[in-house]
1. A:ARG115 is checked against (1) more than 12 Å from chain B (Cβ to nearest Cβ); (2) under 12 Å from the mean Cα position of the chain (by Cα) and fails just one. What number does that condition carry?
2. From the set of residues in segment B:70-99 that are away from the ligand (no atom under 16 Å from the Cβ), open to solvent by 50 Å² or more (accessible area, probe 1.4 Å) and not in a strand (DSSP E or B), which is nearest to the other protein chains (Cβ to nearest Cβ)?
3. One residue is enough: does segment A:46-58 have a residue meeting the conditions of a type outside the set (D, E, K, R), within 13 Å of chain B (Cβ to nearest Cβ) and assigned to a helix (DSSP H, G or I)?
4. So, A:GLU85, is that one more than 16 Å from the ligand (Cβ to nearest atom), in contact (Cβ under 8 Å) with a residue 12 or more places away in the chain and assigned to a strand (DSSP E or B) or not?
5. Say whether the condition of being open to solvent by 40 Å² or more (accessible area, probe 1.4 Å), under 13 Å from the mean Cα position of the chain (by Cα) and closer than 21 Å to B:ARG65 by Cα is met by at least one residue in segment A:177-198.
6. Could you tell me which residue of segment B:100-112 is nearest to B:LEU30 (Cα to Cα), considering only residues that are open to solvent by less than 40 Å² (accessible area, probe 1.4 Å) and more than 8 Å from chain A (Cβ to nearest Cβ)?
7. (1) within 11 Å of the chain's Cα centre (by Cα); (2) within 13 Å of the ligand (Cβ to nearest atom); (3) open to solvent by 60 Å² or more (accessible area, probe 1.4 Å): which one isn't true of B:GLU62, the others all being true?
8. Restricting the search to segment B:102-121, which residues are at positive phi and either of a type in the set (S, T, N, Q) or in contact (Cβ under 8 Å) with a residue 24 or more places away in the chain (or both)?
Amino acid sequence: MPRRIHRHVLAVALLAASCAAPSPTGRLQGVVVEDPTPKPSFVLTDTSGERYDFAAETEGKLALLFFGYTNCPDICPVQLSQIAEVLRQMPDVAAHTEVVFVGVDWRRDTPEVIRAYLDRFDSRFVGLTGTAEELERAQVAAGVPPAVVDADTGVAHAGWVIAYAPDGMNHVIYPFGTRQSTLMNDLPVLVTMTGEDRR
Amino acid sequence: MIRAVAAVGVVLAVVACVPDRSPEIVSARLSYGGGDQAALYFVAQGSDDRLLEVIVGEAAGEFHRTETDADGRTTMQPLTDPPRLTTRSPLVFEPGGLHVMVVGLDPATFSPGEVVDVTFVWERSGRQRLRIPVVDPSAALGGPDG
Ligand SMILES: [Cu+2]
């Protein structure tokens, strides 16, 4: 009998401990990735014409990666402006975050067009472009279906934001329709996920 | 029984005699993040009608639907038929679904926080003119959560 009580006490204690310090992933409200994938390695061209190595440039930071196109009034501006608004309200988080927009419409998303577009949201946002082949490679590396750019049907692209924590892993994604309150909750959690706790 | 049937008949007659109402437009907002493009979202309800055209300022909008393919890619497709609403099912234009895409806007003429003249042209109800707020895209989803 005492042994049994003991076991109950232990269970309660464990439960209390898990409530007091839930895992960072457990506090995320976005769509959590069951098996986190490592940050892809790809090189594209940024809006100043420089080569941009995604993995190297975002190392140790929270990287929010989004494949979109500038001629998109419905999904892309909502995603980008939500992130911009949250980072405006959280300068400490913004200091450790890199937002990377890849313009998949190689026909019209030139570095100049992308820069002007991103400046409407946040001039710190990084804009990338490349040849059709480079863009496709980057999307495959990031695990999204490569965009289809068609003269007749327009641009079909993956509409979700991929978040890589400072530990270099993709723990969570933000599909279209994600509320700003979800990002407000998650971004401060993500910037703390440096991987130190697992070493 | 006869009484009940008569009562139903009277009710039906009354319903049939209610004059046509123009659709009621609720939660309309023009999502504008700069440049020359914007997307108009709204809910139209309470009527049987088809929406032929929407004019934002001077610019005629296009009816688009955002669709998602089996792999998760989203794309905008123009509607081939005028969108319809009935008294039973409202017409919902919302981010990620239907939107009125407006191109060719002059960025100097409006910005978030202002209102813009929008004309809805209905097949039965004719023209309906409204003043609609311009919102930042971060508020396009509507509601308190942003
Ligand atoms: Cu559109």
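The values are calculated or read from the model by the stated rules, or taken from the named source; none is laboratory data. Just so we're clear, the structure is a prediction, and the values are computed from it rather than from any experiment. Please note: Cβ atoms are built from the backbone with ideal geometry, for glycine as well, and neighbour counts cover all protein chains shown. These area figures cover heavy atoms from the full protein model, side chains too; ligands, DNA and RNA do not enter into them. Shrake-Rupley method; radii C 1.70, N 1.55, O 1.52, S 1.80 Å.
1. Single failed check for A:ARG115: (2).
2. Among those that are away from the ligand (no atom under 16 Å from the Cβ), open to solvent by 50 Å² or more (accessible area, probe 1.4 Å) and not in a strand (DSSP E or B), it is B:ASP71.
3. Within segment A:46-58, not a single residue is of a type outside the set (D, E, K, R), within 13 Å of chain B (Cβ to nearest Cβ) and assigned to a helix (DSSP H, G or I).
4. Numbers: more than 16 Å from the ligand (Cβ to nearest atom): yes; in contact (Cβ under 8 Å) with a residue 12 or more places away in the chain: yes; assigned to a strand (DSSP E or B): no.
For A:GLU85, the condition - more than 16 Å from the ligand (Cβ to nearest atom), in contact (Cβ under 8 Å) with a residue 12 or more places away in the chain and assigned to a strand (DSSP E or B) - is not met.
5. Scanning segment A:177-198 turns up no residue that is open to solvent by 40 Å² or more (accessible area, probe 1.4 Å), under 13 Å from the mean Cα position of the chain (by Cα) and closer than 21 Å to B:ARG65 by Cα.
6. Among residues in segment B:100-112 that are open to solvent by less than 40 Å² (accessible area, probe 1.4 Å) and more than 8 Å from chain A (Cβ to nearest Cβ), the one nearest to B:LEU30 (Cα to Cα) is B:VAL100.
7. For B:GLU62, the failing item is (1).
8. Let us first name the residues in segment B:102-121 that are at positive phi, namely B:104, B:113.
Within segment B:102-121, just B:GLY104 meets the criteria.
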